[in-house]
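Written out below as structure tokens is the structure these notes cover.
The values are calculated or read from the model by the stated rules, or taken from the named source; none is laboratory data. Fair warning: this is a prediction, and the values are worked out from it, not measured in the lab. Here Cβ is always computed from backbone atoms with ideal geometry, including for glycine, and neighbour counts include all displayed protein chains.
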């Protein structure tokens with residue numbers, strides 16, 4: 001592998017951070033020299049051990065303003081019990097309800113839905129045409145959500161509504177002065193998503209799981225992660241690894257590690273404690289930088305010398321609240337890489353999505369290498 005190819009991949013991927021929130025990510029980059037750094041009432045947590053400690057040992061207030069739980073409630077119009085803000089029995093019950101659809105057997109069933117979609121969506125590459133991987137990721141995520149929830153809604157409509165609900169919620173929760181009409185826009189977006197998912201059928205494998213939150217999480221992480229991972233693979237010249245069945249799963253895990261679809265986890269301390277040796281007071285805000293904890297900023301992806309699983313999995317969180325969709329994300333990306341590898345595509349056009357909830361591309365077009 002040419003080391004300069006990874007430099008190209010990093011330069012391109014950095015654009016999604018600088019395009020959306022340049023000041024915030026500039027601050028995070030400038031402060032990453034220490035595992036934990038305090039700025040007023042906020043702790044910036046970069047180190048892997050401190051990140052894991054914050055998620056597994058420090059009591060957290062999952063409904064506090066500015067946290068993922070608060071943003072999730074806003075994305076669903078203020079409804080409680082949305083998986084991200086739950087504790088105790090309710091949280092365990094909803095995660096068990098998702099386990100059937102997101103476990104090994106459930107993911108295999110979902111593959112039967114997305115593999116024909118990949119063949120259809122990527123067929124233009126054989127004719128020398130471009131394919132927009134953002135549009136592919138949107139339909140793919142919507143198809144998975146509808147299958148998980150037993151919904152008869154249009155997958156692309158569900159994906160667009162989930163993306164709009166998340167983006168509107170994030171805008172209403174950004175630090176600084178209240179943005180006019182931001183909360184009203186978030187409520188309208190949440191209402192549209194709930195209306196679309198009103199056609200969800202009763203299905204044993206999703207009973208109790210908050211359907212709209214499943215849609216918001218699955219769509220936004222897929223649409224953010226998949227095009228970024230493919231762009232990195234193309235720019236760094238990793239198609240040989242993508243085409244190797246023995247290496248493909250490790251490559252998918254490595255690409256998910258370095259792209260870190262949810263690069264920053266905002267949390268709030270519910271009680272006094274310590275993180276990485278730094279005292280924490282109840283009410284302190286914590287910005288848990290997943291991409292730094294997983295060493296995404298320093299260690300290039302390589303399926304032949306992958307990061308240990310305990311490190312790479314940190315992009316999915318840690319402990320009882322780790323993302324239940326980690327297996328789905330890994331298998332899905334591996335299948336996309338397998339479908340693309342014969343074409344060895346190159347990136348032809350890329351445009352940052354400045355309004356998305358997660359750092360990502362608005363357009364990411366590829367064409368088969370000539």
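How do the pairs read when you match residues in region 54-72 that are at positive phi and in a loop (DSSP other than H, G, I, E, B) with residues anywhere that are surrounded by 16 or more Cβ atoms within 10 Å (Cβ to Cβ) and at pLDDT below 80, using Cβ under 9 Å and keeping only pairs 6 or more apart or on different chains?
Qualifying pairs under 9 Å: 66/173.
Look through region 16-42, keep the residues that are surrounded by fewer than 17 Cβ atoms within 10 Å (Cβ to Cβ) and part of a helix (DSSP H, G or I), and return whichever of them is farthest from the chain's Cα centre (by Cα).
Among residues in region 16-42 that are surrounded by fewer than 17 Cβ atoms within 10 Å (Cβ to Cβ) and part of a helix (DSSP H, G or I), the one farthest from the chain's Cα centre (by Cα) is 30.
Output yes when any residue across region 263-272 is at pLDDT below 95, touching a helix residue (DSSP H, G or I) at 6+ places or on another chain (Cβ under 6 Å) and either within 23 Å of residue 8 (Cα to Cα) or part of a helix (DSSP H, G or I) (or both), and no when none is.
Checked against the condition, which is being at pLDDT below 95, touching a helix residue (DSSP H, G or I) at 6+ places or on another chain (Cβ under 6 Å) and either within 23 Å of residue 8 (Cα to Cα) or part of a helix (DSSP H, G or I) (or both), region 263-272 yields at least one hit.
Return the residues of region 331-370 that are part of a helix (DSSP H, G or I) and within 30 Å of residue 170 (Cα to Cα); say none if nothing qualifies. Steps first, please.
Our first condition is that a residue be part of a helix (DSSP H, G or I); within region 331-370, this holds for 331-343.
Passing the criteria: 331, 332, 333, 334, 336.
Of the residues that sit in region 284-312 and are touching a residue at least 60 places away in the same chain (Cβ under 8 Å) and in a helix (DSSP H, G or I), which one is farthest from residue 45 (Cα to Cα)?
Among them, the one singled out is 311.
Which numbered condition in (1) over 18 Å from residue 137 (Cα atoms); (2) surrounded by fewer than 20 Cβ atoms within 10 Å (Cβ to Cβ); (3) modelled with pLDDT of 95 or more is the only one that residue 338 fails?
With respect to (1) over 18 Å from residue 137 (Cα atoms); (2) surrounded by fewer than 20 Cβ atoms within 10 Å (Cβ to Cβ); (3) modelled with pLDDT of 95 or more, residue 338 is out only on (1).
Are any residues in region 102-143 surrounded by 13 or more Cβ atoms within 10 Å (Cβ to Cβ) and not in a helix (DSSP H, G or I), and if so, which ones?
Answer for region 102-143, where residues must be surrounded by 13 or more Cβ atoms within 10 Å (Cβ to Cβ) and not in a helix (DSSP H, G or I): 103, 130, 131, 132.
Looking at 280, 223, 219, 289 in this structure, which one is in contact with a helix residue (DSSP H, G or I) (Cβ under 7 Å, 6 or more places away or on another chain) and farther than 28 Å from residue 143 by Cα?
289
Scanning region 341-362 for residues that are surrounded by fewer than 17 Cβ atoms within 10 Å (Cβ to Cβ), closer than 29 Å to residue 265 by Cβ and in contact with a helix residue (DSSP H, G or I) (Cβ under 6 Å, 6 or more places away or on another chain), which turns out modelled with the highest pLDDT?
Among those residues, the one meeting the criterion is 354.
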